[in-house]
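Notes follow the structure.
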Amino acid sequence: MTIGRLVQVPLREVWKHEAYDFTQWLQENIEVVNDALGLNLINIEREQTAGPFSIDLVAEDENGNKVIIENQLEKSNHDHLGKLITYLTSMGARTAIWIVSEPRPEHVAAIAWLNENSSGTFYLVKVQALKIGDSAPAPLLTVIVAPAEDKSEVARTNKEFAERYDIRLHWWTMLIKRPDAKLHAHLSPKTYSWIGTSSGFRGLAFNYSVTQKDSTAELYIDRGLSAGDESKRIFYMLQERKEEIERSFGAPLIWEPLDNGTTRASRIKYVVQGGYKSDEIEWDSIQAKLVDAMNRLHATFKEPIKQVRQRLGEVSVEG
């Protein structure tokens, strides 16, 4: 049995720009933060103003309370600690989350002190990017400091955290066992919010994703850092044929260049109402619609992807 080696990837290779890339990624992948902290943040908005300042992200918890998120692709510093406290008070927020590449000991102590001596709740989180061999980098968020809670609350949060993974594993197990889900039948079910398979053209994948309330079939486009602007070029080549593609698919699709072309990846997706928090008796109906959408998406994009490859001069079949 071959065992891969876990390698840390420099954060600036994954997210070149803190505001345009990392903050955008956090907004689009807030479930990664939710999973790491055991929270349920919703209604994520970027660059909210607090006087003359601009807050990276503002969210709401499940009770409607404001939560601010400040991030750094570098060591924690006094400037960002001051911003964190300023933003918390300016926005009337209850919770502050500070995500950094390397938390300094003095800032670990400061956040712990704030949790013990103020009415706010503070999280200090370390972000890393890891990969195995030639795999795509995967984010790892590690909670360094969290607010103290009574034991019963900690137990409740941990239970909900575990249940979220279990229910998603059950969701994907049911989906890939379906006889109509042949495109993804070779995959093993995971606990993540998405699963995907290659289109046969490097950097283009057919992904399923699921949240509590809805699920998605999508073509995800990310050719990697070395490909420069190719990911966006491919997206716009396909978008030139939007009318033809949607007519072939049989319904309108959601075309997302992701921040109007300032980030590398893009997606073209179809959303089905109903997710892993829907009553399990409804799962079969939801997944039937989702798999049908994926099969139509796969058939619809077969020829357009082939023509994009020809335009880029890549005509050989890739795995």
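What to note about this one:
- Listed values for region 55-67 are Karplus-derived 3J(HN,Hα) couplings in whole Hz (6.51 cos²θ - 1.76 cosθ + 1.60, θ = phi - 60°), namely 7, 4, 9, 10, 10, 10, 8, 5, 9, x, 7, 6, 10, and x replaces Gly and Pro.
- Pairs from Lys190/Lys242; Lys177/Lys242; Lys75/Lys131; Lys232/Lys302; Lys182/Lys289; Lys16/Lys126 whose Cα-Cα separation, in the structure shown, is over 23 Å: Lys190/Lys242; Lys177/Lys242
- Residue-by-residue Karplus 3J(HN,Hα) for region 18-25, coefficients 6.51, -1.76, 1.60, Hz, glycine and proline x: 4, 6, 6, 9, 5, 5, 4, 4
- Amide H contacts of Leu57: Glu47, Ile69, each under 5 Å away and 5 or more positions distant or on a separate chain (H built 1.01 Å from N in the peptide plane; Pro and chain starts excluded).
- Fluctuation leader among Ala36, Ala217, Ala251 - the chain, Gaussian network, Cα springs under 10 angstrom: Ala251
- Dipole orientation for the chain: of the candidates Pro179, Leu258, Thr142, Pro179 has the Cα lying most toward the positive pole (charges on Cβ; Lys, Arg +1; Asp, Glu -1).
- Nearby lysines by direct alpha-carbon distance to Lys277 (threshold 16 angstrom, same-chain neighbours under 8 apart not counted): Lys159, Lys213
- Helix axis angle, 283-312 relative to the chain longest principal axis, alpha carbon, degrees: 70
- Taking every alpha-carbon pair under 8 Å whose residues sit at least 6 apart, the chain reaches a relative contact order of 12 percent.
- Measuring with a 1.4 angstrom probe and ignoring ligands and nucleic acids, Trp113 comes out at about 150 Å² accessible.
- Taking the DSSP bridge list for the chain and keeping only pairs wholly inside it, about 80 percent are antiparallel.
- For Ala93, the amide hydrogen comes within under 5 Å of no other amide hydrogen, counting only partners 5 or more places away or on other chains and with H modelled in the peptide plane.
- The long axis of helix 105-117 is offset from the longest Cα principal axis of the chain by roughly 70 degrees.
- When His80, His298 are compared by accessible area at a 1.4 angstrom probe, the order from most to least is His298, His80.
- Prolate/oblate/rounded call for region 29-101, Cα gyration tensor, a/c under 1.5 rounded: oblate
- Its relative contact order, with pairs defined as Cα atoms under 8 Å and 6+ residues apart, puts region 39-134 at 21 percent.
- Cβ-derived FRET efficiency at R0 30 Å, Tyr236 paired with Thr197, nearest 0.05: 0.80
- Sparse-neighbour loop sites [GluC sites (Glu not before Pro); region 19-118; at most 13 other C-beta within 10 Å; DSSP]: Glu62, Glu74
- In this structure Lys190 has an accessible area near 100 Å², from a 1.4 Å probe over the protein heavy atoms.
- Highest mobility in the GNM of the chain, judged by mean-square fluctuation with C-alpha springs under 10 Å and restricted to Ala148, Ala293, Ala59, is found for Ala148.
- Förster radius 30 Å - calculated FRET efficiency between Ser248 and Thr173, Cβ distance, rounded to 0.05: 0.45
- The packing ranking of peptides 233-240, 273-280, highest mean first, is 233-240, 273-280, where packing means the average number of other beta carbon atoms within 10 angstrom of each residue.
- Close amide H pairs (under 5 Å, H built 1.01 Å from N) link Glu102 with Glu74, Lys75, Ser76, residues at least 5 positions away or on another chain.
- Counting only Cβ charges, +1 for Lys and Arg and -1 for Asp and Glu, the dipole size of the chain around its Cα centre is about 980 debye.
- Fraction of antiparallel bridges per DSSP, region 16-135 only, in percent to nearest 5: 45
- Farthest toward positive dipole pole in the chain [+1 Lys/Arg, -1 Asp/Glu at C-beta], among Ser54, Val125, Met294: Met294
The values are calculated or read from the model by the stated rules, or taken from the named source; none is laboratory data. Remember, predicted model here, so these are calculated numbers, not experimental data. Here the Cβ is made from the backbone with ideal geometry for all residues, glycine too, and neighbour counts use every protein chain on show. Note: accessible area is taken over every heavy atom of the protein model, side chains too, but ligands, DNA and RNA are not part of it. Shrake-Rupley method; radii C 1.70, N 1.55, O 1.52, S 1.80 Å.
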